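Notes to accompany the following structure.
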Amino acid sequence: MARASRGHKQRQRVAVVIPAKDESRRIAATVRSARAIPNVDLVLVVDDGSEDNTQHVAREAGAVVVRHSHNRGKAAAMETGAAVVAMRDAPDRPPRHLLFIDGDLADTAVNTAPLVPPVLDGIADLTIALLPPQPGAGGRGLVVGAARRAIASMTGWTPTQPLSGMRCLTREAFEAATPLARGWGVEAGMTIDLLRLGFRVLEVPCELRHRPSGTDLKGQLHRAAQYRDVQLAVSTRRARAAASGVRRTLSPREQRPGR
């Protein structure tokens, strides 16, 4: 049985999916680093309408590249990436697990490797990277706090970093979480959806470095968009939960004729 278990792990492959927009300066290092992650046999970059040469740099670094002709947002890029991976899965092998990472991790991308074993071993269905403090980060925790409280109130689980985009999950979990919440609400929406469906979620420390948003106008606008999208994702899920509760409460006898 031990040999069979080890054989299963060897057969189980992982695809790295990297949504990217205008990341030509960092994407090559990110791709090369991601290719060194154990069990990864496919690195896929989804160029989400870049205006620079992200797609060419990524391809030269060894990634499979697909491109959106215009910017459609992170959630759409993740869904495109997962669909392309599914097309490349062999019918006689288990579907690849999906490891989503940001395009600006550069040489630290390999440090997302600790996210993979808990999923491979069946300990978790979704793992989320816990990042160390990022030099130059300008946020004050407003968006993170709002997402954390919303997830805790809806699921009973309080995440440390609810907006972390580095995530590994099974194909089953990904499909259960689709359609993904739009924009920057994708992480909070995914976490809420999977926990409410009974999937297991685990946060894992990873030594990662990425480009943080600063305190300038661009950084402030980014955080404002995050807050808007997180609130939209949460309110949508609250409405679904309320509607589901009403449907469960009302029996056919309690409903009015003709309803």
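Brief remarks follow.
- Relative contact order of segment 15-172, defined on C-alpha pairs under 8 angstrom at six or more residues apart (%): 26
- Only protein atoms count toward the accessible area here, which uses a 1.4 Å probe; on segment 1-109, the carbon and sulfur part of that area reaches 47 percent.
- Pairwise FRET efficiency - E207 versus D22, Cβ, R0 = 30 Å, nearest 0.05: 0.75
- Modelled label positions at Q231 and V66, each set 7 Å beyond Cα in the direction of Cβ, lie 3.3 nm from each other.
- The slack in the chain from A242 to A224, taken as 0.36 nm per residue of separation less the alpha-carbon distance, amounts to 3.8 nm.
The values are calculated or read from the model by the stated rules, or taken from the named source; none is laboratory data. Just so it is clear, the model here is predicted, and its values are computed rather than measured. No Cβ is skipped: glycine too gets one built from the backbone with ideal geometry, and neighbour counts run over all protein chains shown. Note: areas computed on protein heavy atoms with side chains; ligands, DNA, RNA excluded. Shrake-Rupley method; radii C 1.70, N 1.55, O 1.52, S 1.80 Å.
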